[in-house]
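Enquirer: For reference, the structure I am asking about is given below.
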Amino acid sequence: MIRRSSRPPLHYHADFVETFTVKQRKLEVYLGKDEKHLVLKPGGSATAHIRQPHRFANDRDEPVIFTINTDPTGGVVKAFQLAYGIANDGGAARDGLPSNPIARLTFVKATQGYLPGIPLVLQRIVFAVAAKW
């Protein structure tokens, strides 16, 4: 479930496919470098393929309930448990991710969420160095 204005930045995953399926209300999904805009209604789904930039958002006053399926699963489930636990304790930034830099980096590393426009190898080096802290 995400509340209004929660929106991760445009990102991609190098090792898994991510599928969003709406259970209640509507979810905005943006796919590709051109950010093709989709509005998913209950029962609707959209898939972000490996290395396909994407983001999702809720621009409405009511929370949206949806699932995210990753294939393969990896550490994504634990990452979202961390993020939602922190958010429930009031520690989320405007984009819905942890505001604490260490918690944020831990989340991003676990989800393997990479930013377009920054070389993947450089991002992996940053994660490796941060893991040593």
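Enquirer: Can you tell me which condition PRO101 does not meet? The list is (1) modelled with pLDDT of 90 or more; (2) under 20 Å from VAL126 (Cα atoms), and all the others hold.
Expert: Every listed condition holds for PRO101 apart from (1).
Enquirer: For the condition closer than 22 Å to LEU122 by Cα, small (Gly, Ala, Ser) and out of contact with any strand residue (DSSP E or B) (no Cβ under 7 Å at 6 or more places or on another chain), what is the one hit in GLY75, GLY85?
Expert: Only one candidate passes the filter, namely GLY75.
Enquirer: Restricting attention to region 72-91, which residues are among the β-branched types (Val, Ile, Thr) and modelled with pLDDT under 90?
Expert: Those that are among the β-branched types (Val, Ile, Thr) and modelled with pLDDT under 90: THR73, VAL76, VAL77.
Enquirer: Residues that are under 19 Å from HIS49 (Cα atoms) and surrounded by 14 or more Cβ atoms within 10 Å (Cβ to Cβ): does region 87-107 have at least one?
Expert: no
Enquirer: Can you pull out the residues in region 35-71 that are loosely packed, with under 12 Cβ neighbours inside 10 Å and modelled with pLDDT of 95 or more?
Expert: Scanning region 35-71 gives LYS36, HIS37, LYS41, GLY43.
Enquirer: Any idea which of (1) within 29 Å of ARG124 (Cα to Cα); (2) assigned to a loop (DSSP other than H, G, I, E, B); (3) at pLDDT 95 or above; (4) not β-branched (Val, Ile, Thr) is the one PRO9 doesn't satisfy?
Expert: Here PRO9 clears every test but (3).
Enquirer: Taking the condition among the acidic types (Asp, Glu), touching a strand residue (DSSP E or B) at 6+ places or on another chain (Cβ under 9 Å) and at positive phi, does GLU35 pass? Spell out the reasoning first.
Expert: On the way: among the acidic types (Asp, Glu): yes; touching a strand residue (DSSP E or B) at 6+ places or on another chain (Cβ under 9 Å): yes; at positive phi: yes.
Yes; evaluated as a whole, the condition is true for this residue.
The values are calculated or read from the model by the stated rules, or taken from the named source; none is laboratory data. Fair warning: this is a prediction, and the values are worked out from it, not measured in the lab. Every residue, glycine among them, receives a Cβ derived from its backbone with ideal geometry; neighbour counts consider all protein chains shown.
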